Amino acid sequence: MTKTVHHWIGGKTVEGTSGNWGPVTDPATGAVTTQVALASVEEVDAAVQSAKDAFATWGTSSLAQRTTILFKFRALLDANRDAIAELIVAEHGKVHSDALGEVARGLEIVDLACGITVQLKGELSTQVSNRVDVASIRQPVGVVAGITPFNFPAMVPMWMFPIAIATGNTFVLKPSEKDPSTAIKLAELLAEAGLPDGVFNVLNGDKVSVDRLLEHPDVAAISFVGSTPIARHIHTTASANGKRVQALGGAKNHMLVLPDADLDAAADAAVSAAYGSAGERCMAISAVVAVGAIGDELVEKIRERAEKIKIGPGTDPTSEMGPLITAVHRDKVASYVTGAAAEGCEVVLDGTGYTVEGHENGHWIGLSLLDHVPTTAKAYQDEIFGPVLCVLRADTYEEGLALINASKFGNGTAIFTRDGGAARRFQMEVQAGMVGVNVPIPVPVGYHSFGGWKDSLFGDHHIYGNDGVHFYTRGKVVTTRWSDPSDGPSGVDLGFPRNH
């Protein structure tokens, strides 16, 4: 029997009324398991109104009340790790251990939100003039919306809503319609933790709901994670409608391997970073730049490791990589491999014909490895979002750095070397927002902020960490003067306010 996923508005499930539905498949079998309601404009308006009504009291609630609820939510989230991971496996397809890791990274941001009192401390300057004090404070912006991708249905929403809620905002989440059940589970846990009705809402939908959120006059801010073309559209449209926007786009993350690097460690890192989560993550390493004469040896080490990766259903505890999210996406990823040789690439591994016995209709693809990839090849230029690793060659550090900096993307990058001076130079010279030194996927911990440069970020704020707190709050400066009881009338002064 097909499951049905509706909306979560005002603290309860609200059945979809638009008459439009989207299919949700089990990527391991290709079978449609769920239908999800796709919201109409009227349903978007109802969700925003619920959040607006809740903000009237939540926006002035005490920090103690907010953090108490978030601590309860954290405990519930921790207790339900496996249940959430099972939903992710069923609808996204990643293996169970990977899904558990996603929940763990989301928990980091909940931890930050539980301790938000430190980040919300203001500043006070006393006696700036005679009996005049100046204070800087931060206040919530109002109703905020999060538009999140399919690849991390638990983690990416938790990059947003815990901080938004902790700082006094109310939230409307529009998750991916490809794997919507996780968002509803998070909403149920928040309600169980005691979050007031309307503070957190889940609106399932497609472009209709996104476009309405971007233009809605009662939505003050938009957070987005997804592809670069959509991020650019989100930023342009929402900004034109007077909203603050953080829109994180795509990536083509490079790993520079210098001749002095530990090649076994570099190969391990390349395989993990390129093929983990089937390559469906914006921080995946999709391009390795081998410097000097090490290229052939490095490629062979990567090939040896890649061939040992077990691909299978996420429900199988021995599986290390699962299927792709949809058959359409699988076919698009495969096209980059089948067309690679004609563009001058050497196809070392071709995973396009891979299937899993007993699950032949699943969205399967094997691991692909392309060597001597020219920068003109589509496999290098585009964000593939699948298990395809390109290897490029460079004669020197300078040539490799220039190649990386020429990319239109600037999300994350890494360098593998034993030379501290080279590593320090790289972290200063590379044009990317996140840099790893002998760390292939440099996703920051929760109290630092995540975000890229160039076409990987649109807007002025990175996500979570201090940037997240600043994005979901507005600064206000208050200048105060109290007369001493012994003072007499001071008279009228029409001059410019004096500080001395």
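The values are calculated or read from the model by the stated rules, or taken from the named source; none is laboratory data. Keep in mind the model is a prediction, meaning the values are calculated, not measured. Methodologically, a virtual Cβ is constructed for each residue, glycine included, from the backbone with ideal geometry; neighbour enumeration extends over all protein chains shown. Each accessible area value is taken on the protein alone, full model and side chains, heavy atoms only, with ligands, DNA and RNA left out. Shrake-Rupley method; radii C 1.70, N 1.55, O 1.52, S 1.80 Å.
Any idea of VAL347's accessible area? Nearest 10 Å², probe 1.4 Å.
Accessible area, nearest 10 Å²: 60 Å².
Find out how many positive minus negative residues lie around THR228, taking Lys and Arg as positive, Asp and Glu as negative, among other residues whose Cβ is under 12 Å from that of THR228. Mind showing how you got there, number by number?
Values: positive: ARG232, LYS252, LYS408, LYS454; negative: ASP382, GLU383, ASP455.
Every neighbour counted, the sum reads +1.
Which whole-percent values make up P(r) of segment 210-269 when all C-alpha to C-alpha distances are grouped in 10 Å steps starting at zero?
With 10 Å bins starting at 0, P(r) equals 21, 33, 13, 15, 14, 3.
Run the 1.4 Å probe and let me know the accessible area of TRP21, rounded to the nearest 10 Å².
100
List the relative contact order of segment 402-498 as a percent without decimals, with contacts defined as Cα pairs under 8 Å and 6+ residues apart.
Values: 113 pairs, mean separation 22.3, N = 97.
Taking the mean separation of contacting Cα pairs over the length of segment 402-498, I get 23 percent.
By how many degrees, between 0 and 90 and to the nearest 10, does the Cα long axis of helix 41-58 differ from the longest principal axis of the chain?
Tilt of helix 41-58: around 50 degrees.
Suppose every Lys and Arg Cβ carries +1 and every Asp and Glu Cβ carries -1, with no other charges. What dipole size does segment 287-445 come out with about its Cα centre, to the nearest 20 debye?
Values: 13 positive and 21 negative charges, 90 e Å.
Result for segment 287-445 is approximately 440 debye, rounded to the nearest 20.
Let me understand the chain better: what is its radius of gyration from the alpha carbons, and its Dmax, in angstrom?
When restricted to Cα atoms, the chain yields Rg and Dmax of 25.0, 92 Å.
Kindly provide the helix-only [θ] at 222 nm of the chain, computed as the sum of -39,500 (n - 2.57) over DSSP H runs of four or more divided by all residues, to the nearest 500 deg cm²/dmol?
Working: 16 runs with 182 residues, N = 500.
Taking each H run of at least 4 residues, the total per residue is -11000 deg cm²/dmol.
What whole number of Å gives the distance from the Cα centroid of segment 132-191 to the Cα centroid of segment 429-471?
Answer, in whole Å: 18.
May I ask you to rank ASP262, ASP26, ASP493 by accessible area, largest first, using a 1.4 Å probe over the protein chains only?
Details: ASP262 70, ASP26 40, ASP493 95 Å².
The ordering from most to least exposed comes out as ASP493, ASP262, ASP26.
I'd like the per residue volume of the convex hull spanned by the Cα atoms of segment 50-134, given in cubic angstrom. Don't jump to the answer; show the numbers that get you there.
Working: hull volume 12.3 nm³, N = 85.
In segment 50-134, the Cα hull volume divided by residue count equals 145 Å³.
Share of antiparallel DSSP beta bridges in the chain, in percent to the nearest 5? Write down the numbers at each step before the final one.
Numbers: 30 of 73 bridges.
Here the share of antiparallel DSSP bridges comes out near 40 percent.
Calculate the dipole size of the chain relative to its Cα centre from +1 charges on Lys and Arg beta carbons and -1 charges on Asp and Glu beta carbons; express the result in debye to the nearest 20.
Details: 40 positive and 57 negative charges, 300 e Å.
The calculation lands at about 1440 debye.
Projected onto the charge dipole of segment 346-393 (+1 at Lys/Arg Cβ, -1 at Asp/Glu Cβ, origin at the Cα centre), which of LEU367, ILE384, THR355 gives the Cα projection farthest towards the positive end?
Towards the positive end, the residue furthest out is ILE384.
With the contact rule set at Cα under 8 Å and sequence spacing of 6 or more, what percent relative contact order holds for the chain? Intermediate results must be reported in sequence, preceding the final value.
On the way: 1171 pairs, mean separation 91.3, N = 500.
This gives 18 percent for the chain.
Hand me the trypsin sites (Lys or Arg not before Pro) from segment 294-358 located in a DSSP loop with no more than 14 other Cβ atoms within 10 Å, in residue order please.
Details: sites: LYS301, ARG303, ARG305, LYS308, LYS310, ARG330, LYS332; in loops: LYS308, LYS310.
Sites meeting the loop and neighbour criteria: LYS308, LYS310.
Normalise the Cα radius of gyration of segment 85-145 by 2.2 N^0.38 Å (N = residues in it) and let me know the number. Kindly include the intermediate steps, with their values, before the conclusion.
Values: Rg = 21.0 Å, N = 61, 2.2 N^0.38 = 10.5 Å.
Compared with the compact-globule rule of thumb, segment 85-145 sits at 2.01.
If we count every other residue with Cβ under 13 angstrom of GLN139's Cβ, Lys/Arg +1 and Asp/Glu -1, where does the sum land? Numbers along the way, then the final one.
Details: positive: ARG138, ARG474, LYS476; negative: none.
That sum, taken over residues with Cβ under 13 Å, equals +3.
Mind checking the angle between helix 81-91 and the chain's longest principal axis? C-alpha axes, 0 to 90 degrees, to the nearest 10.
Here the helix axis deviates by roughly 60 degrees.
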